[in-house]
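Contents: one structure, followed by commentary.
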Amino acid sequence: MPKFLSTCGMLSCSKGVCPTPFISSQTHVKADMLPVGTVKDDKGFVNVIPFGVCLRQYPPVPCTPKGSWKNPSANVKIDGAKVLTKDSTYKCDIGGGSVSVMSSGQSTVNNN
């Protein structure tokens, strides 16, 4: 099973200039003491931090991520929402970038 994406995991966008940390909205299920992300964590500037500027347009414009998560865990849910993993991706509806997980932010699972 792929590692869960948790707060402080790092994301990268194919149209952005710099990686940024992921931030989960839920706080009660953790991996390595960090909150685990779900498909509900899809809000730009809240969960998906801007990647600097968007290279889709010339001249480059500020990144404003907006989209939805794909490829979550098929079997693991938190409060009914599928959990994000290292294999999850986020397609930006604004700039068309493909966001991938560079590092999950976890090495073990802890439900405490």
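Readers should treat all values here as calculations from the given coordinates under stated rules, not as data from a laboratory. The structure displayed is predicted, hence computed values, not measured ones. Positions of Cβ are generated from backbone atoms using ideal geometry, with glycine treated the same way; all protein chains shown enter the neighbour counts.
Quick check: anything in the stretch 53-61 closer than 24 Å to CYS18 by Cβ, surrounded by fewer than 16 Cβ atoms within 10 Å (Cβ to Cβ), more than 11 Å from the chain's Cα centre (by Cα) and among the polar types (S, T, N, Q)?
Taking every residue of the stretch 53-61 in turn, at least one turns out to be closer than 24 Å to CYS18 by Cβ, surrounded by fewer than 16 Cβ atoms within 10 Å (Cβ to Cβ), more than 11 Å from the chain's Cα centre (by Cα) and among the polar types (S, T, N, Q).
Got a number for residues in the stretch 1-16 being surrounded by fewer than 23 Cβ atoms within 10 Å (Cβ to Cβ), within 13 Å of PRO65 (Cβ to Cβ) and not hydroxyl-bearing (Ser, Thr, Tyr)?
1
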